[in-house]
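Take a look at the structure below.
The values are calculated or read from the model by the stated rules, or taken from the named source; none is laboratory data. All values reported here derive from a predicted model rather than from experimental measurement. All Cβ positions, glycine included, derive from the backbone under ideal geometry; neighbour counts span all protein chains shown.
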Amino acid sequence: MRMLNVSKRNNVLAVCCVIALAILFSGCDSLRFAPNEQQKQNAWLHNRTAVATAETAQTEGSSEKLQSLTDLNELQSRSFTTYFGLPKQFPPADTTEQILVESNRQLANTALVQSAERPNPWDVADSMLDLGIGICAMLGGVCGTKAVGFLKQAKNKSKALQEIIAGNELFKKNNAEATTAFKDAHRNQSHQTRQIVTAAKG
């Protein structure tokens, strides 16, 4: 029974470490913030715009091709609203005039900027390490205690690496004439070290 508990603890520890390292080294391009209220409103307005466009193309007797395109566009836009979720507050969008107000253009621009934002890889790695520390502390025992110590040490090393990289980037920025010499000094770094530094820069 004791051997089974140790095995479970080791498995949980291994999974936590793998997840934290995978996030740190893969960067945060694959991670995104959950859609906020403005992004949800924009997705919903996109669907309302697509509906109005399809209706306008039909009532104005546009070509079959344009009508087919606007119908497809309206169908495609439903997936955005479904993916993002409905907003808590729906902007007025019953008429074309309401859809075309300037505030909706500003909302679209804001949502575009927000959609490009990504979590800071250091914050994600710290959160994952904290989660691993919490899980290992709950498991307790000798293995849990050792794992907590290991993860705390990894967190401290991660913070130290972050500070070194930030200092190096600041030095290169403030001493542009020394950039070539700085790169020459780091030319003999291993491939693994280069990968870690590149991932850490974000």
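Does at least one position in segment 1-23 carry a residue that is in a loop (DSSP other than H, G, I, E, B), modelled with pLDDT under 60, surrounded by fewer than 12 Cβ atoms within 10 Å (Cβ to Cβ) and of a type outside the set (Phe, Trp, Tyr)? Break it down into steps so the answer makes sense when it comes.
Filtering segment 1-23 down to residues in a loop (DSSP other than H, G, I, E, B) leaves 1.
So of that shortlist, the ones also modelled with pLDDT under 60 come out as 1.
Checking which are surrounded by fewer than 12 Cβ atoms within 10 Å (Cβ to Cβ) leaves us with 1.
If we keep only those that are of a type outside the set (Phe, Trp, Tyr) too, we end up with 1.
Within segment 1-23 (the criterion being in a loop (DSSP other than H, G, I, E, B), modelled with pLDDT under 60, surrounded by fewer than 12 Cβ atoms within 10 Å (Cβ to Cβ) and of a type outside the set (Phe, Trp, Tyr)), the answer is yes, since at least one residue qualifies.
Per the listing Leu151, Leu72, Leu131, Leu161, the residue uniquely of a type outside the set (Gly, Ala, Ser), modelled with pLDDT of 95 or more and more than 19 Å from Pro35 (Cβ to Cβ) is Leu72.
Identify, please: which residue in segment 51-89 is surrounded by 11 or more Cβ atoms within 10 Å (Cβ to Cβ) and either in a loop (DSSP other than H, G, I, E, B) or not assigned by TED's automatic domain parsing to the domain that holds Leu107 (or both) and is, among those, farthest from the chain's Cα centre (by Cα)? Per the criteria, the residue is Ser62.
Any chance segment 141-164 includes a residue that's part of a loop (DSSP other than H, G, I, E, B), exposed (fewer than 12 other Cβ atoms within 10 Å of the Cβ), on the phi < 0 side of the Ramachandran plot and out of contact with any Ser or Thr (no Cβ under 9 Å at 6 or more places or on another chain)? Let's see the steps before the verdict.
As a first pass, look at segment 141-164 and keep what is part of a loop (DSSP other than H, G, I, E, B): none.
No, because not a single residue in segment 141-164 is part of a loop (DSSP other than H, G, I, E, B), exposed (fewer than 12 other Cβ atoms within 10 Å of the Cβ), on the phi < 0 side of the Ramachandran plot and out of contact with any Ser or Thr (no Cβ under 9 Å at 6 or more places or on another chain).
Being surrounded by 11 or more Cβ atoms within 10 Å (Cβ to Cβ) and in contact (Cβ under 8 Å) with a residue 60 or more places away in the chain holds for only one residue in Ala93, Ala111, and it is Ala111. A Cβ distance below 8 Å, combined with a sequence gap of six or more or placement on separate chains, defines the contacts here; from segment 116-127, residues that are crowded, with 17+ Cβ neighbours inside 10 Å reach residues that are β-branched (Val, Ile, Thr) in the pairs Pro121/Ile23; Val124/Ile23; Ala125/Ile23.
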